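A.B. asks: Would you mind keeping the following structure in view while I ask a few things?
The values are calculated or read from the model by the stated rules, or taken from the named source; none is laboratory data. Note that the structure is a prediction, hence the values are computed from the model and not measured. Positions of Cβ are backbone-derived with ideal geometry, glycine not excepted, and every protein chain shown enters the neighbour counts. Please note that ligands, DNA and RNA were not included when accessible areas were found on the heavy atoms of the full protein model with its side chains. Shrake-Rupley method; radii C 1.70, N 1.55, O 1.52, S 1.80 Å.
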Amino acid sequence: MTTPATTRTETTAYRSPLLDRLPGAVVADGVDVGVAAHYGDLFREQRALASGQGFVDLSHRGVVTVSGPERLSWLHLLLTQHVSELPPGRATEALILSPNGHVEHALYLVDDGATVWMHVEPGTTGELVAYLQKMKFFAQVEIADATAEYAVVFAAPDAPAVPEAAAVRELAHGRDLFLPRAVLADAVTGLGPAAGLWAYEALRVEAHRPRLGFETDHRTIPHELGWLETAVHLQKGCYRGQETVARVHNLGRPPRRLVFLHLDGSEESLPSHGDPIRVAADGPDSRPVGFVTTAVRHHELGPIALGLIKRNTAPEAQLLAGTVAAAQELIVEP
C-alpha cells in the first residue's frame, strides 16, 4: 500500500514502543511512519481483524481534548456534526470546514461526561489546536494537545476491555482506545494478535471509509466522499462552510464522487496514491477523470482501491487506475 508522503506541514520522529516489543514488525511509511505496516503476514492479520480478533497500533495519531462545562455547546458551533446533546460514551465523527466548505480536519470523538476526546491524522494537531484556541473567545473550555500523554489503539470487537483506557469510542467494527502512553506496551498484551496498518487500511477501503489526506485534497467537500451520512448533520447550521454544504446538498451536484475500484488481479503492483484514473475506452493517454486515493490488497477481494472521479463519469464505464484495469462500484451516487 502506498500512502501520501506528508500530512500538512508537521513532521515527527515518533517510533512506537510496540515496534520493538512485537515480533516481525515492519515500519510503515508516509504519514503512518512510526507504527507497524504489518507483522509479517498481511492476510492473516486482516482475517483476524475481520473475525473480530486483535488490535492495531494507531499511536502515531494525534489526540486532542476539550474539557469544561461549555465544551459541547461550543464545539457544536464549530463542527459539522450535532454534538450539543452528545451523550457520554457515544462515538461520533465530525469535520471542520474552510469558509468555502472544503474539508480541513476530520475528528473522531467521544465525550466521557467531562472531556471530549478526539483523535486526528498524524501531523494535524498543531493546526487544529491553534484554530480551536482562536475560536475560544470567552467560552468555558480548555483545549489541549494530549498526543504526548495518550495514544490511540484500535481493538477488534471480541478483544477484552482495557481498564487503563482513559476513554473508549465504541464502534460497530470495534473500539478506539485512548491509552496513557506510559502503559501502552503493557496494556495491549491481552488484546489478542497484533495487526498492522496495512490490514486496518484494507478493511477501511472495503468499508468505503474516507480518510483525510488520502481521499481528500485542498478542494474536497463532504458530499464527494459520503461524509454527509456519517460526519455532517444537515439539520444544523452555525458552522463555518455550512452555506456550501446546504447549497450543494440542495442542488445535488457535487463536482466529484468517491468510487470503489476492483483492480485487475493479474497486475503485480498496485497503483499509487495520486495516480490518474482514466476511462479505459478513451485510451491510456486520455484526459484523467480523477485519481487513485488508496490502493490495498484484501484477503478476500484481492486488489481494491478507492478513487475520486468526476461526478458525470458513467457508472458503467471501465476505468484505468494508473495502468491497472479497474471496474467501479458506486459509493456516492452520481
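A.B. asks: Can you tell me which residue among 56, 66 is under 22 Å from residue 140 (Cβ atoms), open to solvent by less than 60 Å² (accessible area, probe 1.4 Å) and not hydroxyl-bearing (Ser, Thr, Tyr)?
C.D. replies: Step by step, each of 56, 66 is checked, and only 66 is under 22 Å from residue 140 (Cβ atoms), open to solvent by less than 60 Å² (accessible area, probe 1.4 Å) and not hydroxyl-bearing (Ser, Thr, Tyr).
Rundown of residues vs (1) among the small types (Gly, Ala, Ser); (2) in contact with a helix residue (DSSP H, G or I) (Cβ under 8 Å, 6 or more places away or on another chain); (3) more than 17 Å from residue 1 (Cβ to Cβ), yes/no style:
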residue	(1), (2), (3)
33	no, no, no
36	yes, yes, no
39	no, yes, no
45	no, yes, no
49	no, yes, no
52	yes, no, yes
57	no, yes, no
66	no, yes, yes
72	no, no, yes
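A.B. asks: Collect the residues in the range 272-289 that are without any contact (Cβ under 8 Å) to a residue 12 or more places away in the chain and open to solvent by less than 40 Å² (accessible area, probe 1.4 Å), keeping them in residue-number order.
C.D. replies: Selection gives 283, 286.
A.B. asks: Which residue, of 224, 229, is open to solvent by less than 10 Å² (accessible area, probe 1.4 Å) and either within 30 Å of residue 299 (Cβ to Cβ) or of a type in the set (S, T, N, Q) (or both)?
C.D. replies: Sole residue among the options that is open to solvent by less than 10 Å² (accessible area, probe 1.4 Å) and either within 30 Å of residue 299 (Cβ to Cβ) or of a type in the set (S, T, N, Q) (or both): 224.
A.B. asks: If the requirement is being open to solvent by 20 Å² or more (accessible area, probe 1.4 Å), touching a residue at least 12 places away in the same chain (Cβ under 8 Å), more than 18 Å from residue 122 (Cα to Cα) and outside any loop (DSSP other than H, G, I, E, B), which of these qualifies: 164, 170?
C.D. replies: Among 164, 170, only 170 is open to solvent by 20 Å² or more (accessible area, probe 1.4 Å), touching a residue at least 12 places away in the same chain (Cβ under 8 Å), more than 18 Å from residue 122 (Cα to Cα) and outside any loop (DSSP other than H, G, I, E, B).
A.B. asks: Any idea which residue in the range 290-299 is farthest from residue 269 (Cα to Cα), counting only those that are open to solvent by 10 Å² or more (accessible area, probe 1.4 Å) and in contact (Cβ under 8 Å) with a residue 40 or more places away in the chain?
C.D. replies: 299
A.B. asks: Sticking with this structure for a sec: Can you tell me which of 216, 189 is among the hydroxyl-bearing types (Ser, Thr, Tyr), farther than 21 Å from residue 27 by Cα and either assigned by the TED database to the domain that holds residue 92 or open to solvent by 10 Å² or more (accessible area, probe 1.4 Å) (or both)?
C.D. replies: 216
A.B. asks: Right, another one. Being out of contact with any Phe, Trp or Tyr (no Cβ under 6 Å at 6 or more places or on another chain) and over 20 Å from residue 219 (Cα atoms) is true for just one of 128, 75, 97, 107. Which residue is that?
C.D. replies: Every option except 75 fails the conditions.
A.B. asks: If you don't mind, another one. Working only within the range 214-240, note down all residues that are in contact with a helix residue (DSSP H, G or I) (Cβ under 9 Å, 6 or more places away or on another chain), over 21 Å from residue 290 (Cβ atoms) and not basic (Lys, Arg).
C.D. replies: Result: 231, 232, 234, 237, 238, 239.
A.B. asks: Quickly run through the range 226-252 and pick out the residues that are of a type in the set (Lys, Arg) and in a loop (DSSP other than H, G, I, E, B).
C.D. replies: 236, 240
A.B. asks: Also, quick follow-up: Pull up the range 253-271, narrow it to residues that are under 19 Å from residue 103 (Cβ atoms) and part of a loop (DSSP other than H, G, I, E, B), then point me to the one that is most open to solvent (accessible area, probe 1.4 Å).
C.D. replies: 253
A.B. asks: Taking the conditions exactly as written (farther than 14 Å from residue 147 by Cβ and not in a strand (DSSP E or B)), does residue 13 satisfy them or not?
C.D. replies: no
A.B. asks: Right, next: When you look at residue 81, is it in contact (Cβ under 8 Å) with a residue 24 or more places away in the chain and either more than 21 Å from the chain's Cα centre (by Cα) or under 17 Å from residue 119 (Cα atoms) (or both), yes or no?
C.D. replies: Yes; evaluated as a whole, the condition is true for this residue.
A.B. asks: Turning to a different aspect of this structure: For residue 46, are the conditions met, namely being farther than 22 Å from residue 157 by Cα, of a type in the set (S, T, N, Q), touching a residue at least 60 places away in the same chain (Cβ under 8 Å) and buried (at least 19 other Cβ atoms within 10 Å of the Cβ)?
C.D. replies: Against the criterion (farther than 22 Å from residue 157 by Cα, of a type in the set (S, T, N, Q), touching a residue at least 60 places away in the same chain (Cβ under 8 Å) and buried (at least 19 other Cβ atoms within 10 Å of the Cβ)), residue 46 does not qualify.
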